[in-house]
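Colleague: Structure below; questions to follow.
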Amino acid sequence: MLSKAQIEQYHELGYLVVENVFSPTLFSEIRQVVAEIADGAAHVDTHDDVYDLEPGHTRENPRLRRIKTPHKHHEIFMRAARTKEMVAINTQLLGPSGVRLYGSKINLKSPRYGSPVEWHQDWAFYPHTNDDINAAGVMLDAATEENGAMRVIPGSHKGPTYDHHADGRFCGAMDLQASGLRYEDSVPLCGPAGSVSFHHVRIVHGSAQNNSDRARGFLLYEFAAADAFPLMGFKDYDEFNSRLVAGTPTNTPRIVPAPVRLPVPPAPRQGSIYENQFSARTRMFEMKAAE
């Protein structure tokens, strides 16, 4: 359970890092499954429903930047999302209505070339009827500034929803300087392997390329209050409710005023945030050639 000070930090600054959320046994099992799925990238040539590949990927020299929707590919990821520790923390942060898993992904930053993620707000991708939504990032490896730990701008979750469009189409990235924000005000969310960062859906964040000799794996869960409904809708009500990790189904969304920009028209390139951001006009994080 979180302390009062931790809960206050999350609501005031928009982020929190908690160490040792999972048991050593479960965490070791998660890492093993991630490694097994990642090995499969050596058998594909292009992006598919599981793998999002780095530029320069080949079967002989596999380069993987994301495993998509891991909770759909192995039961351990939903099991981890349902642990009493994760449920307890998210209930404290998101409120009493319950907790729903919105989505999941695993970002993998290999040494010396792991791709950056430009500045953005998750809220720009999936606005809901209320913003009691967060992302929980499980640090599969120690996260440091050198290996591309996620950076956030404290307090930015209380501001506007910034423009994530380029040339009239959604691109999943924002121009930090044009938005009146400064890199110098950002902080890295670092921690030892096994730590979990929680950041508010509206906080501005991004991450640089991995310039170190150590890998940085990051299992990301997106959790929403059970009474937060996506404004872009959903196709299957039963499937929607199957992702509840706490609480009971409701057909009464809680509607709270919040600044919204819909992610339409869609980005020219689909498949992941990396593809969406390909059309961004401004880039702060340089992608250096792999050594």
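Since every read-out is calculated from the coordinates, none of them should be taken as a lab result. Computed from a predicted model, the values in this text were never measured in an experiment. All Cβ positions, glycine included, derive from the backbone under ideal geometry; neighbour counts span all protein chains shown.
Colleague: I need SER272, SER115, SER23 ordered by Cβ neighbour count within 10 Å, fewest first.
Modeller: The fewest-first ordering by Cβ neighbours comes to SER23, SER272, SER115.
Colleague: Can you give the local net charge around ARG243? Use residues other than it whose beta-carbon is closer than 11 angstrom to its beta-carbon, Lys and Arg +1, Asp and Glu -1.
Modeller: -1
Colleague: May I pose another question? Chymotrypsin sites (Phe, Trp or Tyr not before Pro), restricted to the stretch 190-285: which are DSSP loop and have at most 13 other Cβ atoms within 10 Å?
Modeller: PHE234
Colleague: 222 nm [θ] for the chain, helices only, -39500 (n - 2.57) per DSSP H run of 4+, per residue, to 500?
Modeller: -5000 deg cm²/dmol
Colleague: Counting only residues 5 or more places away or on other chains, whose amide H sits under 5 Å from the amide H of PHE170 once H atoms are built in the peptide plane?
Modeller: Amide H neighbours of PHE170: ALA267.
Colleague: Find out how many positive minus negative residues lie around HIS164, taking Lys and Arg as positive, Asp and Glu as negative, among other residues whose Cβ is under 15 Å from that of HIS164.
Modeller: The answer is 0.
Colleague: Sort LEU108, LEU2 so that the residue with the fewest other Cβ atoms within 10 Å of its own Cβ comes first and the one with the most comes last.
Modeller: Arranged by neighbour count, lowest to highest, LEU108, LEU2 become LEU2, LEU108.
Colleague: 7 Å from Cα along Cα→Cβ at both TYR237 and GLU275: what's the point-to-point distance in nm?
Modeller: Calculated label separation equals 3.1 nm.
Colleague: Give the residue list of trypsin sites (Lys or Arg not before Pro) in the stretch 1-80 that are DSSP loop and have at most 13 other beta-carbon atoms within 10 angstrom.
Modeller: In loop regions of the stretch 1-80 (DSSP not H, G, I, E or B), the sparsely surrounded trypsin sites (Lys or Arg not before Pro) are ARG59.
Colleague: Another one. What shape does the stretch 74-190 have by the C-alpha gyration tensor, where a ≥ b ≥ c are the square roots of the eigenvalues, rounded means a/c under 1.5, and otherwise prolate means a/b greater than b/c and oblate the rest?
Modeller: Oblate, since a/c reaches 1.5 and b/c is not below a/b.
Colleague: Please report Rg over Rh for the chain, where both radii come from the alpha carbon positions and Rh follows the Kirkwood definition.
Modeller: 0.93
Colleague: Still on this structure, I have one more. Using the crude model of +1 on Lys and Arg Cβ and -1 on Asp and Glu Cβ, and no other charge, please compute the dipole size for the chain relative to its Cα centre, in debye to 20.
Modeller: 220
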